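Notes follow the structure.
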Amino acid sequence: MSNNRVTKVIGGLLLTAALALPFAAKAADPDLKTLVEAAKMTGEVDGASLGKMTLVDATSRYLKRIDGDIDFPFQVGIDLPVDAQPRSLGTALKGPVDETGRYVVIFDVALAKATRRVRDMKEQASKKVIEVNKIGNPAFARAVSQFDKAAIKLEKQSNHPKLQKLMEDSRAKLANTPQFIELPVYAPYTYKLADVEGAKTLTVNYYLLDRNTGRYMKSLFDVVERERFTIAYDMDPTDPGQSQLSSDVTREKQVQYWERAPVMISLTQLLGHAQAQGGPGLPAGNLSALLDEVARDRSRAVARAEAERYEDRPLNDPRFDSVVAIYNGDGSMGSGFFVRSNIVMTNWHVVDNRPIVELRLYDKRETFGQVIAKDVLLDLALVKVQDRGRPVEFYQGKDLLPGEQLDAIGHPKRQLFTITRGVVSAIRKQPGWGNPTHKNRDVYYVQTDAEINHGNSGGPLFKGSKVVGVNALIKYEPVGDDPAVKTRIPGLNFAIHYSEAKRFLEESLRGGE
């Protein structure tokens, strides 16, 4: 591996928008200039703490799943005596300043791509093993002879210590001497030596927010790392010259390790870059503006990645335009659907107690939403979304009958935008299952045999083009004598009845929860 590593960092102040956050009481954390000066004076992390800081990874979850776009991780190297901790976006923007620290840095990796270019390819002559011949081992014959002689001598003087030792040594030598010698037969062949230039390209959008002043900035940096490798390809594993390869020759696994290794930017470098751009000088407006900005950056990155893919829309069904994927901070996901142009309904257990969630629309836009209402008993919640979507129509009347066809749309087992079909099995009124500690009210459910799995939760249950329920429940039963071990009951699934969902929506938008 050569040492001609090239690292290039470029940054430019980009478009800005107002940021909405409640102004916090000023904390004792130092300002940006003080942090940068401290970085110049000391690079020791063990020094006195300069306060807290929050790091937020806001990279598109979908982008991470696209092969060839997030090939390696991005890391911030903490080289300052600062308590910099990763936190969720909701905590970073709405948590106490004493917890998050004065500064919040939000990262959005738009590209992390590893590429190779073969500059030259040469054939290298060598040899490989084509067969192995076995011949008798002369040393084995000598060991047998020595063992026989020792045995004869010991038989005549069985109590003689020296003869006993000679016998033991002869037996051990015979046991450790192979009867045959393997002689490899070689044949000539050629392998390839490739001169390869590897490149790792990283593009990161970042936002630096000063929660004390209510000001922020947006910028980006591009990092390009290059390495030259001489890689041996098609080398036979029996080639005796493998161990004699020059240290300049690299194996494929070593190159892959380099390609997948994190690219690191030091905190000092990041803060210095931010200060050079002028620091957080833009006045705050409202929280929606920042989330809009991050969402637009993410959507642009996804659109660029999708432009290089050749897959059609999975289904030309307008109902999909109303459905969203909801990502949680713990790695799980659920479903939801637009009930107003900027309001999404989902299950409470999908959003839980998170103030902000990430969403993905069917047209591949990515955005954020703030939870504005919830009913734990019903297991319903409303999320106000930054972008607009196609709102559904709820079913009207009381003539939903058993046997009528239903379609469930959601993301079972993370399979995005999937449709499953079944029928109305029954309409049931039973205790609410959203919270087992609050069973003081019965709730209407639509029972269906349409497949509902983890990831479908919060998605719509359609009859034609109208929503008749919110997918919520899967029934389980114990397996054997252990009540903790359960298996799902096939064909027994439940959605919250449309009448319950409509009532919750109307009451919540009137200001009640």
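Going by the structure shown, is residue 218 surrounded by fewer than 20 Cβ atoms within 10 Å (Cβ to Cβ), modelled with pLDDT of 85 or more, assigned by TED's automatic domain parsing to the domain that holds residue 76 and of a type in the set (Lys, Arg)?
Answer is no for this residue.
Restricting attention to strands (runs of 3 or more DSSP E) lying wholly within region 320-405, give those where 2 or more residues are assigned by TED's automatic domain parsing to the domain that holds residue 417 and of a type in the set (S, T, N, Q).
366-375
Quick one: in region 233-276, of everything that is in contact with a helix residue (DSSP H, G or I) (Cβ under 8 Å, 6 or more places away or on another chain) and more than 26 Å from residue 108 (Cβ to Cβ), which residue is surrounded by the most Cβ atoms within 10 Å (Cβ to Cβ)?
It comes out as 235.
Based on this model, can you work out whether residue 464 counts as loosely packed, with under 15 Cβ neighbours inside 10 Å and either hydroxyl-bearing (Ser, Thr, Tyr) or at pLDDT 90 or above (or both)? Please lay out each step first, then the result.
On the way: loosely packed, with under 15 Cβ neighbours inside 10 Å: yes; either hydroxyl-bearing (Ser, Thr, Tyr) or at pLDDT 90 or above (or both): yes.
Yes.
What's the number of the only condition in (1) touching a residue at least 40 places away in the same chain (Cβ under 8 Å); (2) not polar (S, T, N, Q); (3) not assigned by TED's automatic domain parsing to the domain that holds residue 215 that residue 106 fails to meet?
(3)
Would you check if residue 402 is modelled with pLDDT under 85 and surrounded by fewer than 20 Cβ atoms within 10 Å (Cβ to Cβ)?
no
Within region 239-265, restricting attention to residues that are part of a helix (DSSP H, G or I) and without any contact (Cβ under 8 Å) to a residue 40 or more places away in the chain, which residue is nearest to residue 130 (Cα to Cα)?
Going through the qualifying residues, I end up with 242.
Checking residue 307 against (1) touching a residue at least 40 places away in the same chain (Cβ under 8 Å); (2) not acidic (Asp, Glu); (3) not assigned by TED's automatic domain parsing to the domain that holds residue 426, which single condition isn't satisfied?
(1)
Only residues that are surrounded by 19 or more Cβ atoms within 10 Å (Cβ to Cβ) and under 18 Å from residue 458 (Cβ atoms): list them for region 378-399, please.
Of everything in region 378-399, those that are surrounded by 19 or more Cβ atoms within 10 Å (Cβ to Cβ) and under 18 Å from residue 458 (Cβ atoms) turn out to be 378, 379, 380, 381, 382, 383, 385, 387, 389, 392, 395.
Has region 26-45 got at least one residue that is part of a loop (DSSP other than H, G, I, E, B), modelled with pLDDT of 90 or more and surrounded by 13 or more Cβ atoms within 10 Å (Cβ to Cβ)?
Checked against the condition, which is being part of a loop (DSSP other than H, G, I, E, B), modelled with pLDDT of 90 or more and surrounded by 13 or more Cβ atoms within 10 Å (Cβ to Cβ), region 26-45 yields no hits at all.
May I ask you to say which residue of 114, 92, 125, 139 is farther than 30 Å from residue 211 by Cβ, within 29 Å of the chain's Cα centre (by Cα) and not aromatic (Phe, Trp, Tyr)?
114
Which residues, taken from region 469-493, are modelled with pLDDT of 65 or more and either among the polar types (S, T, N, Q) or surrounded by 24 or more Cβ atoms within 10 Å (Cβ to Cβ) (or both)?
Within region 469-493, 469, 470, 471, 472, 493 meet the criteria.
State all residues of region 146-189 that are surrounded by fewer than 12 Cβ atoms within 10 Å (Cβ to Cβ) and of a type in the set (S, T, N, Q); if no residue qualifies, say none.
Within region 146-189, 157, 158, 159, 176 qualify.
I'm checking my understanding of the structure. Among residues of region 221-254 that are aliphatic (A, V, I, L, M) and modelled with pLDDT of 90 or more, which one is nearest to residue 126 (Cα to Cα)?
224
The values are calculated or read from the model by the stated rules, or taken from the named source; none is laboratory data. All values reported here derive from a predicted model rather than from experimental measurement. Backbone-built Cβ (ideal geometry, glycine too); neighbour counts: all protein chains shown.
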